[in-house]
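Colleague: Quick one: the structure is below, and I'll ask about it shortly.
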Amino acid sequence: MKQPAVRPAAIILAALISSLSAAQTFTEVGLTVLGNVNYDSRSASFADIDNDGDPDLLFQGGGPGSNRDAARQLFRNDFVPSGTLGFTNISASAGISSLDTTGWSAGWADVDGDGFIDVYLGQQNTSVSGFPDPRGDLFRNLGDSTFSDISSTTINDPGFVQNVGWTDVNNDGMLDLVLGMEGPEMHELYLQQEDGSFLQLGASVGLQVPHGTKAYGMAMADPDKDGDIDIYISTCQGGGNIRNNFFENRFIPDGQVFFEDIADTNGTQYMDNTYHAEFVDFDNDGWLDLFVIGADQFGSKIFHNNQDGTYTDVDEILGHPLIDNTGADLNGGKAVDYDNDGDLDLFFHDHLAGSTNVARLLYRNDGDWQFTNVTTAEGLSESNRGSYDSPWADIDMDGDLDLVGTTGSSVREKVFLSNASENGNNWLFVSPRANGRNTRALGAQIYVTVNAGTPEEVTYRRECNTNSGTFNQSDLPIHFGLGQATVIDTLRIVWPDQTETSQTNVTVNQRLIISEPAPPTGGSAWFIQ
């Protein structure tokens, strides 16, 4: 096969990467691969909009200001098929560049089950000159890297949407939309119907509570292992001792959609001020813990899942705060295995220049709830750059996670390329494909066991695209760092319909697309991308 021509940009990029010291994981290459662009976007998100295997990039939202009018921008990743990392702005041809851009959030999912990733873009409903339409927009992916606004016939919500998340709350195989709102609007749920329309149900199913405005973080998963998706919404509101919401889904065992707020009784209530939230398994016990980022210089938390419906603040286990972030105004973030060693590290995005004046923080997981600040050592240290969150994806397809650092309008957008795939640790990416309309298997649980039968045996649990975090829900393969493990003893998937499949002796350092067996009998279809 003819090899792609090496472009000058590739030569420059290779030189930058080769200049890395052995101790530094990240190199900033945004000018080379993205260009001198700055949008003052709220956040960014990833989705493979053209099904070519590499993640494309959306800068989302913004408001009136020096460069916010152009904040919504879509970039196609050109790594496939060229073999060279670079992005092309396709906003105009994709049909999104002329839209109102006073928004905050984006949620990616294959909503209609046609195999292409669609997107809902949340809007700000305050009256702003030049932005007459305050409603959010549902865009259908037409399969040729263009999108059509179908909001008028599907979801036409006028609320001030802060957070967007797609999931299947009633286990019918169709994706529903959860909207976390800016007060005074209440949180909302749109239940998808067989004909592709959506039924507005927030008020009648327990999601609309008379408190908990400003939904700046949202996590969705099955932390109690009862077979349905629960929702946690974190609230950014000054004054201290605010109320967050832990909505337990009562579909199982009740058989109907209803949510009960149990935050008062399960140990996850009342933090000083909060932003990002996600359900992840930090201690590899198979149960999802809750990671919540503290805003306005307040502490961040991990709530350990006690496996009985209650949680314990890890600060209490440690006898001291989780991390030493005094003075940082942390907003976005992610639990991410940046070094492929198997455990989840902590990344934070800092919006405002507080006493520490940092743009972002990275804490390495050292085990036993111990985290070490490695921001400078790993090449991510900068003074504050604005924006609210920065997303992760393997943009150069080399087996590790890279970071796009969103910025304010006066600073170009940053791209931090990782070389962790060269540190000797192994990895795996999994893309599940489910039956029915939920083709990307949102809500699936994936378990990877390595070193079976030895003292080092461990099982990692990861969730399929259910955490919307801070203003973005990306469409990504599920990433596993595997450390020194040379084979995956068992790879098990619990599908959204709660059926299970497994495979043994799986090769490391590959990307798997795994199809759910066809009902009712069928066989497991395993193939490699």
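Colleague: Any idea which of (1) surrounded by 23 or more Cβ atoms within 10 Å (Cβ to Cβ); (2) charged (D, E, K, R); (3) in contact with a Gly (Cβ under 7 Å, 6 or more places away or on another chain) is the one R461 doesn't satisfy?
Modeller: So R461 meets the others, but not (1).
Colleague: In region 480-493, how many residues are open to solvent by 10 Å² or more (accessible area, probe 1.4 Å) and within 20 Å of T167 (Cβ to Cβ)?
Modeller: Counting residues in region 480-493 that are open to solvent by 10 Å² or more (accessible area, probe 1.4 Å) and within 20 Å of T167 (Cβ to Cβ) gives 0.
Colleague: Here's something else I'd like to know. Which residue, of D40, D69, D54, is modelled with pLDDT of 90 or more and among the acidic types (D, E)?
Modeller: Matching residue, one of D40, D69, D54: D54.
Colleague: Just one of the numbered conditions (1) modelled with pLDDT of 95 or more; (2) under 30 Å from G294 (Cα atoms) is not true of A485; which one?
Modeller: Condition (2) is where A485 drops out.
Colleague: Among what's in region 366-395 and is aromatic (F, W, Y) and within 25 Å of S421 (Cβ to Cβ), pick the residue that is surrounded by the fewest Cβ atoms within 10 Å (Cβ to Cβ).
Modeller: Result: F371.
Colleague: Restricted to region 405-430, and to residues that are at pLDDT 95 or above and open to solvent by 20 Å² or more (accessible area, probe 1.4 Å), which residue is nearest to L288 (Cα to Cα)?
Modeller: Ranking the candidates gives W427 first.
Colleague: Criterion first (open to solvent by 10 Å² or more (accessible area, probe 1.4 Å) and either without any contact (Cβ under 8 Å) to a residue 40 or more places away in the chain or over 22 Å from the mean Cα position of the chain (by Cα) (or both)) does T499 satisfy it?
Modeller: Yes; evaluated as a whole, the condition is true for this residue.
Colleague: If you check F303, F298, F279, which single one turns out to be closer than 27 Å to N365 by Cβ and at pLDDT below 90?
Modeller: Exactly one residue qualifies, and that residue is F298.
Colleague: Scanning region 72-100 for residues that are open to solvent by less than 40 Å² (accessible area, probe 1.4 Å) and hydroxyl-bearing (S, T, Y), which turns out modelled with the lowest pLDDT?
Modeller: S91
Colleague: What number of residues within region 301-344 satisfy the criterion of being open to solvent by 40 Å² or more (accessible area, probe 1.4 Å) and acidic (D, E)?
Modeller: Here the count works out to 4.
Colleague: I would also like to ask the following. Among the numbered conditions (1) assigned to a loop (DSSP other than H, G, I, E, B); (2) surrounded by fewer than 20 Cβ atoms within 10 Å (Cβ to Cβ), tell me where D157 comes up short.
Modeller: Unmet condition: (2).
Colleague: For region 385-455, which strands (runs of 3 or more DSSP E) that fit wholly inside it have 1 or more residues that are within 30 Å of Q193 (Cα to Cα)?
Modeller: 426-433, 445-450
Colleague: Which condition breaks for Q3 when tested against (1) part of a loop (DSSP other than H, G, I, E, B); (2) open to solvent by 50 Å² or more (accessible area, probe 1.4 Å); (3) at pLDDT 80 or above?
Modeller: Of everything listed in (1) part of a loop (DSSP other than H, G, I, E, B); (2) open to solvent by 50 Å² or more (accessible area, probe 1.4 Å); (3) at pLDDT 80 or above, Q3 misses just condition (3).
Colleague: I'd like the residue in region 464-477 that is in contact with a Lys or Arg (Cβ under 8 Å, 6 or more places away or on another chain) and open to solvent by less than 10 Å² (accessible area, probe 1.4 Å) and, out of all such residues, is modelled with the lowest pLDDT.
Modeller: Once the filter is applied, the top-ranked residue is G469.
Colleague: Now for a separate question. Consider region 345-364. How many of its residues are of a type outside the set (G, A, S) and open to solvent by 10 Å² or more (accessible area, probe 1.4 Å)?
Modeller: Result for region 345-364: 7.
Colleague: Working only within region 136-194, note down all residues that are under 24 Å from K214 (Cα atoms) and out of contact with any strand residue (DSSP E or B) (no Cβ under 7 Å at 6 or more places or on another chain).
Modeller: N156, P158, G183, P184, E185, M186
Colleague: Does any residue of region 213-226 turn out to be surrounded by 17 or more Cβ atoms within 10 Å (Cβ to Cβ), closer than 26 Å to T312 by Cα and of a type in the set (S, T, Y)?
Modeller: Looking only at region 213-226, we keep the residues that are surrounded by 17 or more Cβ atoms within 10 Å (Cβ to Cβ), and these are 213-224.
Among the residues that remain, those that are also closer than 26 Å to T312 by Cα are: 213-224.
Restricting the remaining residues to those that are of a type in the set (S, T, Y) gives 213, 216.
Yes, that holds for at least one residue.
Colleague: Among the residues of region 374-401 satisfying the criterion of being touching a Ser or Thr at 6+ places or on another chain (Cβ under 6 Å) and without any contact (Cβ under 8 Å) to a residue 24 or more places away in the chain, which is nearest to V33 (Cα to Cα)?
Modeller: Once the filter is applied, the top-ranked residue is D398.
Colleague: Follow-up. What are the pairs, 6+ residues apart or on separate chains, where a residue within region 446-470 that is closer than 22 Å to Q162 by Cα and touching a residue at least 24 places away in the same chain (Cβ under 8 Å) has its Cβ under 9 Å from a residue that is open to solvent by 50 Å² or more (accessible area, probe 1.4 Å) and part of a strand (DSSP E or B)?
Modeller: Matching pairs, first to second residue: N467/K334; G469/K334; T470/K334.
Colleague: If you don't mind, there's one more thing I want to ask. Identify, from the list R440, R385, the residue that is of a type in the set (K, R) and at pLDDT below 95.
Modeller: Exactly one of R440, R385 is of a type in the set (K, R) and at pLDDT below 95, namely R385.
Colleague: A follow-up question, please. Could you run through region 305-334 and say how many residues are without any contact (Cβ under 8 Å) to a residue 60 or more places away in the chain and in contact with a Ser or Thr (Cβ under 9 Å, 6 or more places away or on another chain)? Outline the logic, then answer.
Modeller: If we filter region 305-334 for residues that are without any contact (Cβ under 8 Å) to a residue 60 or more places away in the chain, which is where we start, we get 306-308, 310-330.
Retained after the next criterion (residues that are in contact with a Ser or Thr (Cβ under 9 Å, 6 or more places away or on another chain)): 306, 310-311, 313, 321-323, 325-330.
Counting residues in region 305-334 that are without any contact (Cβ under 8 Å) to a residue 60 or more places away in the chain and in contact with a Ser or Thr (Cβ under 9 Å, 6 or more places away or on another chain) gives 13.
The values are calculated or read from the model by the stated rules, or taken from the named source; none is laboratory data. The structure presented is a predicted model; accordingly, all values stated were derived computationally and were not measured. No Cβ is skipped: glycine too gets one built from the backbone with ideal geometry, and neighbour counts run over all protein chains shown. Each accessible area value is taken on the protein alone, full model and side chains, heavy atoms only, with ligands, DNA and RNA left out. Shrake-Rupley method; radii C 1.70, N 1.55, O 1.52, S 1.80 Å.
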